[in-house]
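K.L.:
Below is one structure. I have some questions about it.
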């Protein structure tokens, strides 16, 4: 079985919650390939790079991969602004196919559609309290998806008092991502469509996927 190796370049370790999404996409489009995923841990080097072009250069120096995913949350700027920022950073660099991952507004917005996964991650899969999740098509308009997800995790845990205060929603958010089996509802989002379309183009141009 052939293997596709990718590296995710992002701002911090919490961004690794995107990797199950990337794994899922690759399995959807290249089911005959094994997927070997990695995260660019640039914080471990003595002098971590500050700018995005320098981060890309160091990632190229330290890691070997077939695909490079570059993540930036849109946050308070537009998707197009972040896309242009990443495109400029790549200008003049020789890299394997590079794909922009730009959730709007934050990556946590991409985890707000699967109630069973949230309950499992919170350690209360059989909880019956009513969780009010947004329609998937509206998650990009939530001002603070991270805090929204953390609030839903706390609520779904069923914990109270001291036990609730000890809950670590940052850690459990990653478990939400790992617990989701089907990310296809995200295909209703423009940012996710862009990610998938970029990936398909790269897979076809490199012979990993046939043109339908």
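K.L.:
Return the calculated 222 nm mean residue ellipticity for the chain, to the nearest 500 deg cm²/dmol, obtained by summing -39500 (n - 2.57) across DSSP H runs with n ≥ 4 and dividing by the residue count.
P.N.:
Calculated from helices alone, the mean residue ellipticity at 222 nm is -12000 deg cm²/dmol.
K.L.:
Another question, then. Enter the angle in degrees (range 0 to 90, nearest 10) between the Cα long axis of helix 19-29 and the first principal axis of the Cα atoms of the chain, meaning the one along which they spread out most.
P.N.:
Around 60 degrees separate the two axes.
K.L.:
Here's something else I'd like to know. Tilt of helix 190-205 relative to the longest C-alpha principal axis of the chain, in degrees (0 to 90, nearest 10)?
P.N.:
40 degrees
K.L.:
Using Cα atoms only, what is the angle between the long axis of helix 79-90 and the major principal axis of the chain, expressed in degrees (0 to 90) to the nearest 10?
P.N.:
Between the helix axis and the principal axis of the chain, the angle is about 40 degrees.
K.L.:
Kindly rank 96-108, 178-190, 125-137, 142-154 from highest to lowest mean number of other beta carbons found within 10 Å of each residue. Please list the in-between numbers first.
P.N.:
Values: 96-108: 22.4, 178-190: 15.6, 125-137: 11.7, 142-154: 18.2.
With the highest mean Cβ count within 10 Å placed first, the list reads 96-108, 142-154, 178-190, 125-137.
K.L.:
Here's another thing I want to ask about it. Express in whole angstrom the spacing between the alpha-carbon centres of the stretch 37-113 and the stretch 126-187.
P.N.:
If we compute the Cα centre of each part, the gap is 25 Å.
K.L.:
Once you have the Cα-Cα distance between residue 32 and residue 144, take 0.36 nm times their residue separation minus that, and quote the gain in nm to one decimal.
P.N.:
Working: separation 112, 0.36 × 112 = 40.32 nm, distance 3.80 nm.
Between residue 32 and residue 144, full extension yields 36.5 nm more.
K.L.:
If you don't mind, another one. If eta is 1.306 mPa s and T is 10 °C, what Stokes-Einstein diffusion coefficient results for the chain, Kirkwood Rh from Cα pairs, in µm²/s?
P.N.:
Numbers: Rh = 18.2 Å.
The Stokes-Einstein estimate is 87 µm²/s.
Any read-out appearing in this document is the output of simple, stated calculations on the displayed coordinates, not a laboratory observation. Just so you know, these numbers come straight off a predicted model, no measurement behind them. Neighbour counts run over all protein chains shown; Cβ positions are idealised from the backbone, glycine included.
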